[in-house]
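J.: If you scroll down you'll find the structure; I have some questions about it.
The values are calculated or read from the model by the stated rules, or taken from the named source; none is laboratory data. The structure presented is a predicted model; accordingly, all values stated were derived computationally and were not measured. Glycine also receives a Cβ, built like all others from the backbone with ideal geometry; neighbour counts cover every protein chain displayed. What goes into the accessible areas is simple: the full protein's heavy atoms, side chains included, and nothing from ligands, DNA or RNA. Shrake-Rupley method; radii C 1.70, N 1.55, O 1.52, S 1.80 Å.
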Amino acid sequence: MELKDLLEKIRTISTKEINIMEFCGTHTHEIFRYGIREILPPNIHLLSGPGCPVCVTAEEDIDYIIALSQEYNLGIITFGDLVNVPGSLGSLNYLRARGKEVRVVYSPLESLNIAKENPHKKYLLVGIGFETTAPNLAYTLIKATEENIKNLYFLSLHKLTPPAMKAILDMGEIKLDGIIGPGHVSTIIGRVGWKEIFEKYRVPFVIMGFKPEEIVYGIYHLVKIIEEGEPKLLNAYERSVKEEGNKHALEVMYKVFKKGPANWRGLGIIEVSGLVLREEFEDFDVRRIYPLKIEKRVDNYNPCKCGEVLRGVLKPTECPLFGKACTPEYPKGPCMVSSEGTCSAYYLYGGV
């Protein structure tokens, strides 16, 4: 069906004022990039959720990485935008400025070569991401075990998406009439990965792809479900998402990890929302080897509203720092740092 036909169908059937949350940061950016908010009827309100791994990284976790590097002279290996996420004492770029080794890699497997090429140096690989990236990190640790690498440690900041969605629904800060399910995550956990939440809360849920026509197609089905008043959990991204997900990827992930608590910026500690190392891989567990205690610092003078933005409570434009003290060049919070962040999307594409 043509995009214009889908939009006409949405306009025809949409009669209610509704709030729809897109969980995934990639969806947020694509929706802004293609102006989808502007072409939908004004009674359909799209809210952005916490589906940005960099954005939900807790300040205490950044402080812990910095403390480890300073206390034990660990080289840090990480990914992309995480180097710019602020902790209470600065970002990982702060470490670079002080002469510490901070390497950004594209594949976690690169960490194996870095460790082997520098056998007298200890390294910390920081694992970040949702279910989509966790299997690759798990495979890296399996290879590190097979190759008997002893100078590489691991910090798991991996998080699971359904518990975060559950936390938002439990908080009840905003009324959600429908949810745009993340396509990438769902390729791993499948439609069944969302069944428990759907069956408990009965909020219409549609898994969508990322092309503009796929997003609008998914929104059409979501609006139709809402208007008909019969909640459904629908997979509108069938070319990539299977009912049971990617069983092999899940097997690899849970061979290395088990579920545990995780600290989410804006949401706090959520039980069974993180991935922690199993006992068989505890020799890599930096928290076990270097159990530093990092106290949460309360900054009463930091007006950054990233936490509220991640919960869909505020728009970025309602933050007093947005576009003034906080820009992509000088970010004050991770929602402006990450390429998947809501504040970044609003700034780049002129969201209101």
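J.: Is there any pair with a first residue in the stretch 191-218 that is under 19 Å from residue 37 (Cα atoms) and a second that is open to solvent by 50 Å² or more (accessible area, probe 1.4 Å) and in a helix (DSSP H, G or I) whose Cβ atoms are under 7 Å apart and which are 6 or more apart or on different chains, and what are they?
T.: Correct list of pairs: 207/191; 212/3; 213/3; 216/3.
J.: Is it true that some residue in the stretch 26-35 is in a helix (DSSP H, G or I) and on the phi > 0 side of the Ramachandran plot?
T.: For the stretch 26-35, residues in a helix (DSSP H, G or I) and on the phi > 0 side of the Ramachandran plot: absent.
J.: When the residues of the stretch 264-290 are filtered to those that are part of a loop (DSSP other than H, G, I, E, B) and of a type outside the set (Phe, Trp, Tyr), which remaining residue is surrounded by the fewest Cβ atoms within 10 Å (Cβ to Cβ)?
T.: Among them, the one singled out is 278.
J.: Among the strands (runs of 3 or more DSSP E) contained in the stretch 66-144, which hold 2 or more residues that are in contact (Cβ under 8 Å) with a residue 24 or more places away in the chain and within 18 Å of the chain's Cα centre (by Cα)? If you could, list the steps in order and put the result at the bottom.
T.: Working: elements: 75-78, 102-104, 123-129.
The strands (runs of 3 or more DSSP E) meeting that bar are 123-129.
J.: Right, next: May I ask you to say which residue of 179, 215, 219, 174 is closer than 24 Å to residue 40 by Cα and surrounded by fewer than 17 Cβ atoms within 10 Å (Cβ to Cβ)?
T.: 174
Matching residues to (1) out of contact with any strand residue (DSSP E or B) (no Cβ under 9 Å at 6 or more places or on another chain); (2) within 18 Å of residue 129 (Cβ to Cβ):
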position: 209; (1), (2): yes, no
position: 222; (1), (2): no, no
position: 228; (1), (2): yes, no
position: 234; (1), (2): no, no
position: 249; (1), (2): yes, yes
position: 263; (1), (2): no, yes
position: 268; (1), (2): yes, no
position: 274; (1), (2): no, yes
position: 282; (1), (2): yes, no
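J.: Something else now. In this structure, is residue 303 closer than 20 Å to residue 59 by Cβ, surrounded by fewer than 20 Cβ atoms within 10 Å (Cβ to Cβ) and not aliphatic (A, V, I, L, M)?
T.: yes
J.: While we're looking at this one, here's another question. If I ask for residues that are surrounded by fewer than 18 Cβ atoms within 10 Å (Cβ to Cβ) and closer than 11 Å to residue 233 by Cα, which ones from the stretch 187-200 would you list?
T.: Answer for the stretch 187-200, where residues must be surrounded by fewer than 18 Cβ atoms within 10 Å (Cβ to Cβ) and closer than 11 Å to residue 233 by Cα: 192, 195, 196, 199.
J.: Which one of these is within 30 Å of residue 313 (Cα to Cα) and crowded, with 24+ Cβ neighbours inside 10 Å: 138, 134?
T.: 134
J.: Right, another one. Identify, from the list 26, 57, the residue that is within 22 Å of residue 168 (Cα to Cα), open to solvent by less than 10 Å² (accessible area, probe 1.4 Å) and among the polar types (S, T, N, Q).
T.: Step by step, each of 26, 57 is checked, and only 57 is within 22 Å of residue 168 (Cα to Cα), open to solvent by less than 10 Å² (accessible area, probe 1.4 Å) and among the polar types (S, T, N, Q).
J.: Does residue 74 satisfy being farther than 24 Å from residue 273 by Cβ and among the hydrophobic types (A, V, I, L, M, F, W, C)?
T.: For residue 74, the condition - farther than 24 Å from residue 273 by Cβ and among the hydrophobic types (A, V, I, L, M, F, W, C) - is met.
J.: Same structure again: Please verify whether residue 156 is among the hydroxyl-bearing types (Ser, Thr, Tyr) and open to solvent by 10 Å² or more (accessible area, probe 1.4 Å), treating the condition exactly as stated. If you could, list the steps in order and put the result at the bottom.
T.: On the way: among the hydroxyl-bearing types (Ser, Thr, Tyr): yes; open to solvent by 10 Å² or more (accessible area, probe 1.4 Å): yes.
For residue 156, the condition - among the hydroxyl-bearing types (Ser, Thr, Tyr) and open to solvent by 10 Å² or more (accessible area, probe 1.4 Å) - is met.
J.: Checking the structure you have, find out if any residue of the stretch 69-81 is out of contact with any strand residue (DSSP E or B) (no Cβ under 8 Å at 6 or more places or on another chain) and either β-branched (Val, Ile, Thr) or surrounded by 17 or more Cβ atoms within 10 Å (Cβ to Cβ) (or both). Give the steps one after another, and end with the answer.
T.: Filtering the stretch 69-81 down to residues out of contact with any strand residue (DSSP E or B) (no Cβ under 8 Å at 6 or more places or on another chain) leaves 70-73, 81.
Narrowing the set further to residues that are either β-branched (Val, Ile, Thr) or surrounded by 17 or more Cβ atoms within 10 Å (Cβ to Cβ) (or both) leaves 81.
Taking every residue of the stretch 69-81 in turn, at least one turns out to be out of contact with any strand residue (DSSP E or B) (no Cβ under 8 Å at 6 or more places or on another chain) and either β-branched (Val, Ile, Thr) or surrounded by 17 or more Cβ atoms within 10 Å (Cβ to Cβ) (or both).
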